[in-house]
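Written out below as structure tokens is the structure these notes cover.
The values are calculated or read from the model by the stated rules, or taken from the named source; none is laboratory data. Being a predicted model, the structure only gives us computed values, none of them experimental. Positions of Cβ are backbone-derived with ideal geometry, glycine not excepted, and every protein chain shown enters the neighbour counts. These accessible areas exclude ligands, DNA and RNA; they are computed on the full protein's heavy atoms, side chains included. Shrake-Rupley method; radii C 1.70, N 1.55, O 1.52, S 1.80 Å.
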Amino acid sequence: MPAHNRSVVLLPTQPFDGQKPGTSGLRKTVKVFQQKNYTQNFVQSILASIGPSVEGSTLVVGGDGRFFMREAADIIVKMAAGNRVSRLIVGQGGFMSTPAVSHVIRKYKADGGFILTASHNPGGPDADFGIKFNMNNGGPAQDSQTNLMFQHTKTITSYKIVPEIDYDLDTIGEYSCTVEGRQFTVQIIDPVKDYVELMKQIFDFKQIKSLVGAGGPFKVLINSLHGATGPYVEKIFIDELGCPADSCVKTNVLPDFGGGHPDPNLTYAADLVEAMRSSDYGFGAAFDGDGDRNMILGEKAFFVTPCDSLAVLANNLDHIPYFKKTGVKGVARSMPTSAAVDRVAAKKGLECFDTPTGWKYFGNLLDAGRISLCGEESFGTGSDHVREKDGVWAALAWLQILASKKCTVESLLKEHWKEFGRNFFTRYDYEGCESEPCELMMKNLQDYVDDASSVGKEYSALGKTYKVSACDNFSYTDPIDGSVATKQGIRIMFSDGSRLVFRLSGTGSSGATVRLYVDSYENDGSKIFGSAQEMLAPCVQVGLEISQLTKLTGRDAPTVIT
Ligand code: G1P
Ligand code: ZN
């Protein structure tokens, strides 16, 4: 029997500026979220965007362990009760990785879920927090939905809350009460169990164990960067696959990620790179704060670009039991991602889609059964098993292929380049710039693509000459629902197949981050094993010349190169 009968309280509030969800939810500093009513306003706006069906709904809540997660989870519990949600499924302690939330939404047929994360952004009282809402397919809310949220944040005058709900965030179980005559239940679940079960259905753990388990030929090194994958990694790699305990590091989840930047790339996961270089590990992986990003390294820290990772996976999905069952549908990549995967799709006769940046644009294609695999250059790889990118899944997919083909990371990649040629790729990030000059730079670039005389222009740098063959600002029409996303990045294409892309980040919490993406294609066997940075250096110079980036931002070097 429900223990208490609670009343809903309507509390007055006023709109805050700038509660517009970006590439992946609303991200701001913790201090901003801690302002009186700031979090409440955004949560109310999400619940309002669901419409009348919020009444009686089941929603999921999980976060990546960062500072302020527990407070936010508690606000959501009480406001869900206030908005007549029936059931909230919450990870123990408020915790769950992003791909696990996606899976739990799907498995329990929930109507959506809150993900409490700022992903790869640093955490702690002086760093970032974020709230993102996923729909009943388990994937991030689409633009039409986030626009409804944003509209609501601009006119909000009150929010609904039940100020006291009896439940224990840290203890697995069901907590029910009556809210104005209706039952409201908070169900606290093990955040790891369902996800691990899913991975065991997708992969042949026995085969992977023969590669990486005690006595196997491969030593692995997995680095969770103190983010959400820690408990999942310990369960999967140590308990299930029998890897030695010291093969998983930084698996204790910390609210400030140990002061680090929980982003798995060569800069922020430098400790993994160093450990791989100086020892005899055959495989290394790191994941971001909420567990959806991954970086894959081979022996001696041989780096696999995410673009190549996607292509290699696409070419070898038939080694993974899940895809043997489901078959391989098409593939997709975000526009700035290199076209390496397109070449695999062409060989296999698969549909291949080129979408805007952000996982939400894969959702319709996945739901419609048009794609099995998708990925982004930003260390995101995933499949139709959930509706988020999935770091641990990507590492397991690689290990399954290595175990099945009995080869090394480096040999697999080099064989791939020999067969398909190589798409060289690099991304330069200029983080924490002032907004105004960056916006001016993007406006100038828009003028450049609008100017008919840009096509045909020639630029020379470091002994190479590039001729502009086309340019535009990327626009995408969703093939499933016909929705259109415009201004998704300036593209400048050259006659030799090289390409420059310019975008401003949509995940920062303040200021502006410029992303400059450069790629080129090479199938001359004597050049495919060269260094990407050397290969792309002349094109980077041309990009800097066309954009006047150095002059406008005052930055003579990027903060991160990937
Ligand atoms: C970045 C990445 C993008 C990714 C997003 C969320 O967004 O570029 O591919 O989907 O993070 O992980 P951006 O900051 O560029 O808008
Ligand atoms: Zn993430």
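Observations on the structure shown:
- Mean separation of Cα pairs under 8 Å and 6 or more residues apart, divided by the residue count, gives the stretch 275-336 a relative contact order of 21 percent.
- Residues LYS457 and ALA537, FRET efficiency given R0 of 22 Å [Cβ-Cβ distance, rounded to 0.05]: 0.65
- Cα centroid separation - the stretch 242-286 against the stretch 360-393, whole Å: 24
- The residues of the chain expose on average 37 square angstrom of accessible surface per residue, using a 1.4 Å probe on protein heavy atoms.
- Carbon plus sulfur fraction of accessible area for the stretch 156-292, probe 1.4 Å, in percent: 50
- Each residue, ASP271 and GLU415, gets one label point 7 Å from its Cα in the Cβ direction; the gap between the two is 3.5 nm.
- Among the trypsin sites (Lys or Arg not before Pro) within the stretch 417-469, those in coil by DSSP and having at most 16 neighbouring Cβ atoms inside 10 Å are LYS457.
- Protection proxy ranking for 365-378, 226-239, using the average of other Cβ atoms within 10 Å per residue and placing the highest first: 226-239, 365-378.
- Net length gained if the chain between PHE529 and GLU439 were fully extended (0.36 nm per residue, minus Cα distance): 28.7 nm
- Taken about its Cα centre, the stretch 461-515 carries a charge dipole of roughly 300 debye when the Cβ of each Lys and Arg holds +1 and the Cβ of each Asp and Glu holds -1.
- Taking 28 Å as the straight-line reach from the Cα of LYS487, the lysines in range (excluding those fewer than 8 positions away in the same chain) are LYS20, LYS28, LYS132, LYS154, LYS360, LYS389, LYS443, LYS457, LYS467, LYS551.
- With a cut-off of 12 Å on the backbone N, the residues of the stretch 420-457 near the modelled label site 7 Å out from ILE561 along Cα-Cβ are 426-429.
- For the pair LYS347 and ASP447, a Förster radius of 35 Å applied to the C-beta separation gives a FRET efficiency near 0.35, rounded to the nearest 0.05.
- Of the GluC sites (Glu not before Pro) in the stretch 117-211, those whose Cβ has at most 15 other Cβ within 10 Å and which sit in DSSP loop: GLU164, GLU180
- Helix 532-547 axis, angle to the chain major axis (alpha carbon atoms, nearest 10°): 80
- Residue-count net charge about LYS300 - beta-carbon cut-off 15 Å; Lys, Arg +1, Asp, Glu -1: -1
- For the stretch 370-431: rounded, prolate or oblate by the Cα gyration tensor [a/c cutoff 1.5]: oblate
- Only helices enter the 222 nm calculation for the chain: every DSSP H run of n ≥ 4 contributes -39,500 (n - 2.57), and dividing by all residues gives -9500 deg cm²/dmol, rounded to 500.
- Mean separation of Cα pairs under 8 Å and 6 or more residues apart, divided by the residue count, gives the chain a relative contact order of 13 percent.
- For ALA245 and THR155, the difference between the fully extended length at 0.36 nm per residue and the C-alpha to C-alpha distance is 27.2 nm.
- Relative contact order of the stretch 177-248, defined on C-alpha pairs under 8 angstrom at six or more residues apart (%): 30
- Global form of the chain, assessed from the alpha-carbon gyration tensor, a/c cut-off 1.5: oblate
- Atom-type composition of the exposed protein surface of the stretch 297-419 places 50 percent of the accessible area on carbon and sulfur (1.4 angstrom probe).
- Per-pair calculated FRET efficiency, R0 = 56 Å: LYS300 and SER7 via Cβ, rounded to 0.05: 0.30
- Whether the stretch 307-451 is rounded, prolate or oblate, judged on the alpha carbon gyration tensor where a/c under 1.5 counts as rounded: prolate
- Subtracting the Cα-Cα distance of ASP318 and SER495 from their residue separation scaled by 0.36 nm leaves 60.2 nm.
- The stretch 514-562: chymotrypsin sites (Phe, Trp or Tyr not before Pro) falling in loop per DSSP and having at most 12 other Cβ within 10 Å: PHE529
- Heavy-atom surface analysis with a 1.4 Å probe gives the stretch 1-145 a carbon and sulfur content of 52 percent of its accessible area.
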